[in-house]
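The values are calculated or read from the model by the stated rules, or taken from the named source; none is laboratory data. If you're wondering where the values come from, they're calculated on a predicted model, not measured in any experiment. In this analysis, Cβ positions are derived from the backbone assuming ideal geometry, glycine residues included, and neighbour counts consider all displayed protein chains. Protein only, heavy atoms only, side chains kept; ligands, DNA and RNA dropped before computing areas. Shrake-Rupley method; radii C 1.70, N 1.55, O 1.52, S 1.80 Å.
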Amino acid sequence: MDKYIAEPFKIKVVEPIKITTLEEREKLIKEANYNLFNLNSEDCYIDLLTDSGTGAMSQLQWAHIMQADESYAGSKSYNRLIDKAQEIFGYDYIQPVHQGRAAEKVLFPVLLKKGKVAISNTFFDTTRAHVELTDARAIDCIHPSTKKIQENTKFKGNMNTEELENMIKHYQASNVGCVVMTITNNSAGGQPVSISNIQETSNICKKYNIPFVLDAARYAENAYFIKRDEPKYKDFSIPEIVKEMFSYADMFIMSAKKDGIVNIGGLLGVRTAENNAELIEQIKSQTISYEGFISYGGLSGRDLEALSVGIESSLDINYLTYRVGQLEYVAKLLDEAGIAYQSPVGGHGIFIDAKAMFPHIPYHEFPAQVLAIELYKEAGIRTCDIGSYMLGNDPDTGEQIESEFEFTRLAIPRMVYTKAHLDVVVQALININKRANKIERGYRITWEPKVLRHFQAKLEPINE
Ligand code: F0G
């Protein structure tokens, strides 16, 4: 299991990519107002902006797409997806939706409102936004090990359960609308959560009668780390571990664009239908209002088909070993070059510690965005900031929040790039690291929208 495995697939279709010059990239990034979301993908040589919806689908998925039933209600494709999802996750009620944030939009208004709080190991940006859109407040209980970026600790994604219990007491259990466990913990560096931590969190939720929700976008990668690093589970299969992880929660929300290996899709699940009839009714009503009829949830029949295959194929141990192996390969080269990252590497990306590379650039000049822009200029590599720039402003005071981390995330799309592409990425990082002290200042925001500002904000370099 620890050995590097070469790609457990052959490549049948290829997509050419364009190589640009430094002059062209400097012009393009300026025209994009130094926001990488504004770049055209054809101007990116290696696109590591996200692992979401960017994976390569298998021949089996494409074959299923041809068999899709596009009926409005009760299609064969819907039934196939529900059967498969119930089998894998062990939940009674499964609701397809068009992506992860749609599951958030459907579920959170049912659980949250003004005066309530939601607590997580770390909320992802859209999840936090959907909590705040209900006028509730989102609180993170980050595990202390997560903050020690270069310390090689297992399960850095874990919930700080001591802090969780303190928070529940502080806000009073009746005001805590839900506890959300993000697996893997994206914003903390794609770090996994152990089953013992999921179980402990579940017990706390039961004690205080608080709904426990998994935000399970990267469930397969999380299960791989449990098999590898949680001794009790080393002889369990990945499907067995997935079943067990989900068994401790009451509900799950899922962006299926990650481990579901589809370009679009999401799921929402309720573990037991018994005693949850009202909740399920509310989920159905919300889905019909925002997503479409319950048997398609904002997706076409072919999307449902691709998803019914994808949620299972990501459970293959050879695929997962190869995938995490890609990240470990990059990590080893970064260690040799003395470049710091959230260590050990997690499941879906390498989170470079931009604060360590640019210690002289303060959080309000966005060091992780600085590195993202440099990577684009250096080699046409598109990445993103997971730091103060992404975190945005405090919803109560409007002040810029200082993030615990200033990460530049190199998200690796599933089965898309080869080892040679990864070598280009490492070389670009090495080149930037060598000239890091010559990059003196960061960026200022010249315009920003109120919600999820990092997707659309305009920036300019600070020169004075
Ligand atoms: N939860 C987690 C943990 C996520 O990583 C994401 C998306 C979502 C929810 C929302 O899902 O995009 O399908 O609506 N993460 C992407 C990323 C965008 O780049 O990490 P969505």
Could you list, ordered by first residue, the pairs with Cβ atoms under 8 Å in which the first is in the range 36-63 and under 26 Å from LEU307 (Cα atoms) and open to solvent by 50 Å² or more (accessible area, probe 1.4 Å) and the second is part of a helix (DSSP H, G or I) and more than 16 Å from the ligand (Cβ to nearest atom), at least 6 apart or interchain? LEU60/VAL309; LEU60/SER313
Exactly one of (1) more than 21 Å from PRO344 (Cα to Cα); (2) small (Gly, Ala, Ser); (3) in contact (Cβ under 8 Å) with a residue 12 or more places away in the chain is unmet by SER174. Its number? (3)
Based on this model, can you work out whether PHE89 counts as away from the ligand (no atom under 14 Å from the Cβ), closer than 20 Å to ILE183 by Cβ and either open to solvent by less than 10 Å² (accessible area, probe 1.4 Å) or among the aliphatic types (A, V, I, L, M) (or both)? yes
Looking at the structure I just gave you, is GLU278 outside any loop (DSSP other than H, G, I, E, B), in contact with a helix residue (DSSP H, G or I) (Cβ under 6 Å, 6 or more places away or on another chain), charged (D, E, K, R) and at negative phi? no
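The rows are residues; the columns are (1) of a type in the set (S, T, N, Q); (2) more than 26 Å from LYS243 (Cα to Cα); (3) touching a Cys at 6+ places or on another chain (Cβ under 6 Å).
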| site | (1), (2), (3) |
| --- | --- |
| LYS105 | no, no, no |
| ALA136 | no, yes, no |
| LYS148 | no, yes, no |
| SER174 | yes, yes, no |
| CYS178 | no, no, no |
| THR182 | yes, no, no |
| CYS205 | no, no, no |
Residue list for the range 307-349, restricted to those being buried (at least 22 other Cβ atoms within 10 Å of the Cβ) and among the basic types (Lys, Arg): ARG323
Here are ARG414, ARG441, ARG435, ARG382: which of them is assigned by TED's automatic domain parsing to the domain that holds GLY346, open to solvent by 10 Å² or more (accessible area, probe 1.4 Å) and closer than 19 Å to ILE17 by Cβ? ARG382
The range 354-404: number of residues that are away from the ligand (no atom under 16 Å from the Cβ) and in a loop (DSSP other than H, G, I, E, B): 16
Considering only the range 164-182, how many residues are touching a strand residue (DSSP E or B) at 6+ places or on another chain (Cβ under 8 Å) and under 19 Å from PRO144 (Cβ atoms)? 6
Kindly establish whether SER194 is buried (at least 16 other Cβ atoms within 10 Å of the Cβ), away from the ligand (no atom under 15 Å from the Cβ) and under 19 Å from the mean Cα position of the chain (by Cα). yes
Looking only at the range 198-218, how many residues end up being within 15 Å of the ligand (Cβ to nearest atom) and part of a loop (DSSP other than H, G, I, E, B)? 3
Checking the structure you have, find out if any residue of the range 148-157 is in contact with a strand residue (DSSP E or B) (Cβ under 9 Å, 6 or more places away or on another chain) and under 26 Å from GLN99 (Cβ atoms). yes
Among the listed residues ALA73, ALA32, ALA68, ALA63, identify the single one that is within 26 Å of the chain's Cα centre (by Cα) and more than 16 Å from the ligand (Cβ to nearest atom). ALA32
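One residue is enough: does the range 385-400 have a residue meeting the conditions β-branched (Val, Ile, Thr), surrounded by 22 or more Cβ atoms within 10 Å (Cβ to Cβ) and in contact with a helix residue (DSSP H, G or I) (Cβ under 9 Å, 6 or more places away or on another chain)? Before you say what the answer is, go through the steps one by one.
Taking the range 385-400 first, the residues β-branched (Val, Ile, Thr) are 386, 397.
Next cut, surrounded by 22 or more Cβ atoms within 10 Å (Cβ to Cβ) only: 386.
The next check asks that each one be in contact with a helix residue (DSSP H, G or I) (Cβ under 9 Å, 6 or more places away or on another chain); those that pass are 386.
Yes, the range 385-400 contains at least one residue that is β-branched (Val, Ile, Thr), surrounded by 22 or more Cβ atoms within 10 Å (Cβ to Cβ) and in contact with a helix residue (DSSP H, G or I) (Cβ under 9 Å, 6 or more places away or on another chain).
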Starting from residues that are part of a helix (DSSP H, G or I) and open to solvent by less than 10 Å² (accessible area, probe 1.4 Å), keep the ones in the range 239-268 and report whichever is nearest to HIS130 (Cα to Cα). PHE246
